[in-house]
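Below is one structure, written out as structure tokens; the observations come after it.
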Amino acid sequence: MQSAASPLVNLGSGFSSEPIVDHIMAWPGVQRVPHPKVQMFIAKNFLEPELCELLRIKVDAERRPSTIADANDDYAFRTSETCDFSAKDPVVMELKRRMTAFTGLDPSHGEPMQGQRYEVGQEFKAHTDYFEPQGADYQKYCGVAGQRTWTVMLYLNDVEAGGATRFKAIDKIVQPETGKVLAWNNLRPDGTPNPSTIHHAMKVRAGLKYVVTQWYREKPWGW
């Protein structure tokens, strides 16, 4: 197991993301998306199918309608279901340990981990994971732990049709595969939000889609 890099702190005031990039690039088999506007990484077979199945079972058992901070009055903006994982669950603890080993990010900066399930026709329209600094609710969502920094997404299954994650601004489409991990920095090197990270969880056309999402913040998580 790799050791964690320095905690992610004060990113908006000059913290360099390069130690995190270097840490991720040391992971066996990891691929960096070759685009100058984003820091994005993909690794296949990050989690074995057996653990993916256990996480899918948890999502099925505890799912609720997904929510969003600002859907701009579009009731169909995000139509998936979400599961709020227990931080004390052994499978969740193991996944968090692996995400820490993969990214080097301080786990205390992580939000509560979530799973999402998409049925046929469900999607999450094009959005960014960071919060708009000029937004009316910025202080509400970022006043304690600061801005979102990195996103780590784990695909829990192969989808029969559809369900890809599309990053339109960089012309990149990531297909769901069991155990594949996708990680990206939501901020530019200067710590400002990066609009090139806008992404669309495309509609599932056949079957189901399951993912796990872990977001990180500038400061230790608190609400």
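Brief remarks on what is shown
- Hits in the range 125-163 (condition: aliphatic (A, V, I, L, M) and either crowded, with 20+ Cβ neighbours inside 10 Å or touching a His at 6+ places or on another chain (Cβ under 9 Å) (or both)): Ala126, Ala145, Val152, Met153, Leu154, Leu156, Val159
- Verdict on Tyr118 being closer than 29 Å to Glu50 by Cβ, touching a residue at least 60 places away in the same chain (Cβ under 8 Å) and among the aromatic types (Phe, Trp, Tyr): yes
- The listed residue being touching a residue at least 60 places away in the same chain (Cβ under 8 Å) and closer than 20 Å to Leu182 by Cα, out of Ala145, Ala101: Ala101
- Check on Thr165, touching a helix residue (DSSP H, G or I) at 6+ places or on another chain (Cβ under 9 Å), farther than 18 Å from Trp27 by Cα and of a type outside the set (D, E, K, R): no
- Here Gln122 meets the list (1) more than 26 Å from Val204 (Cβ to Cβ); (2) crowded, with 19+ Cβ neighbours inside 10 Å; (3) not basic (Lys, Arg) almost entirely, failing just condition (1).
- The range 168-223, residues that are touching a helix residue (DSSP H, G or I) at 6+ places or on another chain (Cβ under 7 Å) and among the acidic types (Asp, Glu): Glu218
- Checking each residue in the range 198-215 for being basic (Lys, Arg) and crowded, with 21+ Cβ neighbours inside 10 Å picks out only Lys209.
- In the range 121-173, the residues that are more than 20 Å from Thr213 (Cα to Cα) and touching a strand residue (DSSP E or B) at 6+ places or on another chain (Cβ under 6 Å): Glu160, Ala161
- The set of residues in the range 152-191 that are of a type outside the set (Asp, Glu), in contact with a Gly (Cβ under 9 Å, 6 or more places away or on another chain) and either modelled with pLDDT of 95 or more or under 30 Å from Glu50 (Cβ atoms) (or both) comprises Val152, Leu154, Tyr155, Leu156, Asn157, Val159, Ala161, Gly162, Gly163, Gln175, Pro176, Leu187.
- Inside the range 130-156, residues that are in a loop (DSSP other than H, G, I, E, B) and either within 27 Å of Met25 (Cβ to Cβ) or of a type in the set (Asp, Glu) (or both) make up a count of 7.
- Hits in the range 164-197 - residues which are in contact (Cβ under 8 Å) with a residue 40 or more places away in the chain, β-branched (Val, Ile, Thr) and crowded, with 16+ Cβ neighbours inside 10 Å: Ile170, Val174, Thr178, Val181, Thr197
- Checklist (1) at pLDDT 95 or above; (2) surrounded by 12 or more Cβ atoms within 10 Å (Cβ to Cβ); (3) assigned to a loop (DSSP other than H, G, I, E, B) applied to Pro34, failing item: (2)
- Residue check for Val204: under 20 Å from Leu51 (Cβ atoms) and either modelled with pLDDT of 95 or more or not acidic (Asp, Glu) (or both): no
- Of all residues in the range 176-209, those being within 13 Å of the chain's Cα centre (by Cα) and in a loop (DSSP other than H, G, I, E, B) number 3.
The values are calculated or read from the model by the stated rules, or taken from the named source; none is laboratory data. Treat the numbers as computed from the prediction; the structure is a model and nothing was measured. As a convention, Cβ positions derive from the backbone with ideal geometry for all residues, glycine included, and neighbour counts pool all protein chains shown.
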